Amino acid sequence: MLVAACVKWADLRPEVDPVHGTVRSTGRSDGFSEADRAAVEVALGLAEGWGARVAVVCAGPPAAEAGLRELQAVGVDRAVRVDLAPDQPSEAVAASLAPVLSALLAADVVVCGDYSADRGSGSVPAYLAHLLGAEQALGLVGVAAHGDDGVAGVRRLDGGRREDVVAGAPAVVSVEGSVATLRRASLAATLGAGAAAVEVVPGRPDPRAEAPRTEPWRPRARHVAPPEGDDALDRVVQLTGAFVERTPPRTVELEPAEAAQAVLDQLRAWGYLEPPGRPD
Amino acid sequence: MSNVATPAFGAPDFDAVVVGAGPAGSAAALELARAGRRVCLVERGPYPGAKNMYGGVVYGRILDTLLPNWWEEAPVQRWVTRRQTMILTETAATTLDVRNEAWGRPPYNGATAYRPDFDAWLAQKAVDAGAVLVCSTTVTGLLREDGRPDGKVVGVRTDRPDGDLTAKVVVACDGVNSFLAKEAGLYPTVDPANYTVGVKETIALPRDVIDERFGVRGDHGVDIEILGCTGDVPGGGFVYTNLDTVAVGLVLSLPELSRGDQRPEQLLARLKAHPAVAPLVEGGDVKEYSAHVIPEAGFDMMPELVGDGILVAGDAAAMCLAAGIWLEGVNFAIGAGAAAGRTAARAVQRDDTSAAGLAGYRARLESSFVLADHRRLRDAPHLVMGELAQQKMPRVVNGVVEELFTVTNPDPKPRLRTILRRQMKRHGVKWRDAVKDGLRAARTFG
Ligand SMILES: Cc1cc2nc3c(=O)[nH]c(=O)nc-3n(C[C@H](O)[C@H](O)[C@H](O)COP(=O)(O)OP(=O)(O)OC[C@H]3O[C@@H](n4cnc5c(N)ncnc54)[C@H](O)[C@@H]3O)c2cc1C
């Protein structure tokens, strides 16, 4: 049996220009986020309980190998770096990780951090679960082994409520950084880790991947029809919507699928999404 | 921290353990590795230089023998071609301005550099030579032979699980306030009066603005040392130019600071608002505020440098030279670290790392600039931190200059002698004290 942790090499403290919002990486503070380190600790804990082996997989640049060796010093049996250019979309990252997890490692349970430190969306675990055909339990705030190969987790819900979830192998879970603190490596293991081997496999860059974003993220512009009317005041009144009755906020209680549809409809109504049939 | 027992048998893990990957530690590890010894360099920060701060200028001459042509690859910000010594009162400034284009060409003189860059570069040289670098690992104590408190030092204990590391010799380069030197019993007493605290702001400004404000071009930079800018607290100030940041800071007497009601950041804000300094730094973004203790008293506070199985180098042995117009610690740390590394390598080769086997370290330092300069300038820190230099001299100097250059027509110009006498009287400087300190200064600096 094998438990795999997926980790992302990211700049944990990039410099952000307060005026322009440009993000500059110095390379000095590169590492794995607290959520990813928690994922490794969870993987180690689960594997200890099951007598399983632990592998760690990182889709990232060669610099990540130093970090992977440190993880080997804390007890990870096997480290694989998937050679992938930075700033790939989540689909491409998951598409590169999935064959490694299934074919190369034959992982039964995959543990990820719930989001990456560099503005990631946290959607890689969901894509992975989809590609691996695995059960998923994402954004967990507590994890424990469930039986011989399952994971029992606690998920945060709105309003301070919690949800207990169980995922059976093959499973992909993602955890918050607060779930566990990564153990410290012994001195002997740290000294030995310098020579540890990191396997490198080529990634699958997404040919459709957008060019790396260089400006801060902003919501898509909304199309607004020009105001009508001959009088400037009329047009300003129309533009500001000063005398227009507003749609009051509404609370809906729906099944998840219907709720998702309602959110999409509303976003379309506001102009943030294209109407159905046209590409987003 | 405690003295811990060690196994009585078994080969040590390394020939030498060097604690601290600052300039002293990396130089020591480099020399040990080059001599073919198995050396482990232990650093508490996540990478060398992560924990370190200073004003900003490295004097690289000491690197000539260690790393020939170091200037071709060292991570330098700017080469210092302009040095100023500024004497301030609240509203006035008198500046000695030295410019030397030769300092901007190989083999250069001083360079501004960021410590995370510089320390990581130097540590990598030690690693390239064969040293094993372990980061994120704090040494928490010394291992003694047979666990006896007075036994020979035979290694270190770290904060990692199973964290004992045995070695034939330990080189303590753990910086000011060295736990290891204290635990080894090498510091007889620790007097806070011997320490200052340095505070610094790193202020971002566009490169061309720095060039324009400081009157330099290309990769040339400026080093300004300042006296009379610390109010009632004895100390001094500095301004250094990096490529697109300016470092502005103060060095302040620790006991006076803790006694008075002035906070370092208030004093620093006052320096930044001074009419001679404000135009240099205004409009910039403060990117970083940092503080660090300095072993100010130099030769007079140095510990024993050698113990049974242990050597101490750099700030751990109070080797920073803080003598008013000079604030040099990195070059002294490299010089001492290299000497410690060479001594340790020889002692390991002769299989005698006892205090007697390591005694050559002191002799090496005495014959180099490290102890020669410290011995000659031992009075300088006391002179610079004294009342005359701190409070009265800046007022007299600025008063004299003001009178000298204020045109008083229709009165005739006063004689310099008259002005000096008048200013000394106004600021309560007695001829006797001035002559006494003048002679001390002549003996020290002359
Ligand atoms: C405000 C200020 C301005 C200065 N300006 C200048 C200047 O312009 N030019 C100049 O030459 N000098 C300057 N200095 C002095 C200079 O910084 C020091 O003299 C120099 O850094 C000493 O080097 P070192 O290697 O002995 O110690 P450090 O540079 O202090 O390095 C000690 C290393 O040991 C590590 N360490 C400490 N304890 C442990 C432990 N228990 N386990 C593992 N690792 C440990 C630390 O993390 C650190 O990396 C300045 C100092 C200050 C504070």
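The values are calculated or read from the model by the stated rules, or taken from the named source; none is laboratory data. Note that the coordinates shown come from a computational prediction; the quantities given were computed from them, not determined experimentally. So basically every Cβ, Gly included, is an ideal-geometry build from the backbone, and we count neighbours across all protein chains shown. Just the protein is used for accessible areas: all its heavy atoms, side chains included, with ligands, DNA and RNA removed. Shrake-Rupley method; radii C 1.70, N 1.55, O 1.52, S 1.80 Å.
Given chain B, report the % of alpha carbon pairs whose separation exceeds 30 Å.
When every Cα pair of chain B is considered, 47 percent fall beyond 30 Å.
Where Rh is the Kirkwood radius over the Cα pairs of the range B:2-94, the temperature 37 °C and the viscosity 0.692 mPa s, what D in µm²/s does Stokes-Einstein return?
It comes out at roughly 190 µm²/s.
Rolling a 1.4 Å sphere over the protein heavy atoms, what is the accessible area per residue of the range B:161-218, to the nearest Å²?
Dividing the accessible area of the range B:161-218 by its residue count gives 41 Å².
Let me see the pair-distance distribution of the protein assembly as shown: every alpha carbon pair, 10 Å bin width, integer percents in order.
Result returned by the calculation: 3, 12, 18, 19, 17, 14, 9, 5, 2, 0, 0.
Which of A:Ala103, A:Ala269, A:Ala144 moves the most in a Gaussian network model of chain A with Cα springs under 10 Å?
Taking springs between Cα atoms under 10 Å, the residue moving most is A:Ala269.
Report the residue, chosen from A:Val252, A:Val80, A:Val141, that carries the largest GNM mean-square fluctuation when chain A is represented by alpha-carbon nodes joined by springs under 10 Å.
A:Val252
What are the aspartates and glutamates whose alpha-carbon lies under 13 Å from the alpha-carbon of B:Lys430, with same-chain residues fewer than 8 places away excluded?
Output for B:Lys430: B:Glu387.
How much area per residue is accessible in the range A:219-280 when the probe is 1.4 Å and only protein heavy atoms are counted (Å²)?
On a per-residue basis, the range A:219-280 sits at 93 Å².
Dipole magnitude of the protein assembly as shown about its Cα centre, charges +1 at Lys/Arg Cβ and -1 at Asp/Glu Cβ only, in debye to the nearest 20?
It comes to approximately 3300 debye.
Projected area of chain A, taken from the Cα convex hull and averaged over every viewing direction, in nm²?
Projected area, direction-averaged: 19.5 nm².
Please turn the phi angles of the range A:61-76 into ³J(HN,Hα) values with the Karplus equation 6.51 cos²θ - 1.76 cosθ + 1.60 (θ = phi - 60°), one per residue in order, whole Hz, x for glycine and proline.
x, x, 4, 5, 5, 4, x, 5, 5, 4, 5, 5, 5, 8, x, 6
In 10 Å bins starting at 0, how do the alpha-carbon pair distances of the range B:213-361 split up by percent?
10, 30, 27, 18, 12, 3, 0
Kindly report the accessible area of the range A:2-202 per residue (heavy atoms of protein chains, probe 1.4 Å, no ligands, DNA or RNA), in Å².
44
Counting protein heavy atoms only and a 1.4 angstrom probe, how many square angstrom of accessible surface do chains B and A bury in total, to the nearest 100?
Counting protein atoms only, the buried area is about 1100 Å².
When the Karplus curve 6.51 cos²θ - 1.76 cosθ + 1.60 is applied with θ = phi - 60°, which whole-Hz ³J(HN,Hα) does each residue of the range A:23-28 get, with x for Gly and Pro?
9, 10, 9, 8, x, 7
I'd like the antiparallel share, as a percent to the nearest 5, of DSSP beta bridges with both residues in chain B.
The antiparallel proportion sits near 70 percent.
Chain A: longest stretch without exposed GluC sites (Glu not before Pro) (DSSP loop, at most 13 other Cβ within 10 Å), sites themselves excluded?
That gives A:1-209 as the longest site-free run.
Given the options A:Gln88, A:Gln238, A:Gln136, which has the most mean-square fluctuation in a GNM of chain A, springs set between C-alpha atoms less than 10 angstrom apart?
It is A:Gln238.
If ligands, DNA and RNA are left out, what is the accessible area of A:Ser102 with a 1.4 Å probe, given in Å² to the nearest 10?
The accessible area of A:Ser102 comes to roughly 60 Å².
Just list whichever of B:Lys200/B:Lys436; B:Lys125/B:Lys182; A:Lys8/B:Lys182; B:Lys182/B:Lys392; B:Lys51/B:Lys168 have alpha carbons separated by over 31 Å in the model shown.
Listed pairs above 31 Å: B:Lys200/B:Lys436; A:Lys8/B:Lys182; B:Lys182/B:Lys392.
In the range B:44-82, which residues give up 20 Å² or more of accessible area once the other protein chains are added, compared with their chain alone (1.4 Å probe)?
Output list: B:Tyr47.
Specify whether the C-alpha gyration tensor of the range A:219-280 places it in the rounded, prolate or oblate class, a ≥ b ≥ c being the square roots of the eigenvalues: rounded for a/c under 1.5, otherwise prolate if a/b is larger than b/c and oblate if not.
Since a/c reaches 1.5 but b/c is at least a/b, the shape of the range A:219-280 is classed as oblate.
At a 1.4 Å probe radius, carbon and sulfur cover how many percent of the accessible area of the range B:243-350?
49
Using the Cα centre of the range A:1-74 as the reference point, and only Cβ charges (+1 on K/R, -1 on D/E), how large is the resulting charge dipole? Debye, rounded to the nearest 20.
120
Please check the range A:178-200 for residues whose accessible area, probe 1.4 Å, is lower by 20 Å² or more when all protein chains are in place than in their chain alone.
A:Arg184, A:Ala185, A:Ser186, A:Leu187, A:Thr190, A:Leu191
Within 10 Å, at most 15 other Cβ atoms, and a DSSP state outside H, G, I, E, B define an exposed site. Report the longest part of chain B free of exposed trypsin sites (Lys or Arg not before Pro).
B:1-216
Just to be sure I follow the definition: excluding the sites themselves, where is the longest run in chain A that has none of the trypsin sites (Lys or Arg not before Pro) in a DSSP loop with at most 13 other Cβ atoms within 10 Å?
With a cap of 13 other Cβ atoms within 10 Å, the longest stretch comes to A:1-118.
Quick one: accessible surface of B:Met301, probe radius 1.4 Å, all protein chains present, in square angstrom to the nearest 10.
Here the residue's solvent-accessible area equals roughly 20 Å².
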